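Visitor: One structure coming up, written as structure tokens, with questions to follow.
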Amino acid sequence: MATQKRAFAAVVQAVLIGLLLLSMVLIGQRMSLQIYQIGLLLLVASTLSQIAFGNIPPHSNFGKSMRMYVTFMAVTAAIFVISIFVAPLLVSLGR
């Protein structure tokens, strides 16, 4: 019986879901503040990566996945940077 190889994007999406669950467990524990902080960083990193990989077709190979990942992360970073600069302007308009 031959095993079918899974596409790179599908594997990464499954790993990211596992990391999201692990980060929730780390955040939920009450033993160590350092473990909580690691869980919080893991949650942020895996969430941002999941935003990008969630938009990549699961059948994509490594090359196509990486090109799309870099593009999506650049767009996400641009939105964050624009938000940081626009927020003070919007606050001043509301005063």
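Visitor: Could you tell me whether Leu26 is in contact with a Ser or Thr (Cβ under 8 Å, 6 or more places away or on another chain) and surrounded by 15 or more Cβ atoms within 10 Å (Cβ to Cβ)?
Guide: no
Visitor: Any idea which residue in the stretch 29-52 is surrounded by the most Cβ atoms within 10 Å (Cβ to Cβ), counting only those that are over 21 Å from Phe72 (Cβ atoms) and of a type outside the set (S, T, N, Q)?
Guide: Gly39
Visitor: Let me ask something additional. For the stretch 77-95, which residues satisfy the criterion of being outside any helix (DSSP H, G or I) and under 27 Å from the mean Cα position of the chain (by Cα)?
Guide: none
Visitor: Sticking with this structure for a sec: Among the residues of the stretch 60-95, how many are surrounded by fewer than 10 Cβ atoms within 10 Å (Cβ to Cβ) and among the hydroxyl-bearing types (Ser, Thr, Tyr)?
Guide: Matching residues across the stretch 60-95 total 1.
Visitor: When the residues of the stretch 48-89 are narrowed to those that are aliphatic (A, V, I, L, M) and in contact (Cβ under 8 Å) with a residue 24 or more places away in the chain, which ends up nearest to Ala10 (Cα to Cα)?
Guide: Ile56
Bear in mind that the values in this text are calculations on the coordinates, not laboratory data. These figures come from a predicted structure and were not determined experimentally. A quick note on method: Cβ atoms are made from the backbone with ideal geometry, for glycine too, and the neighbour counts reach across all protein chains shown.
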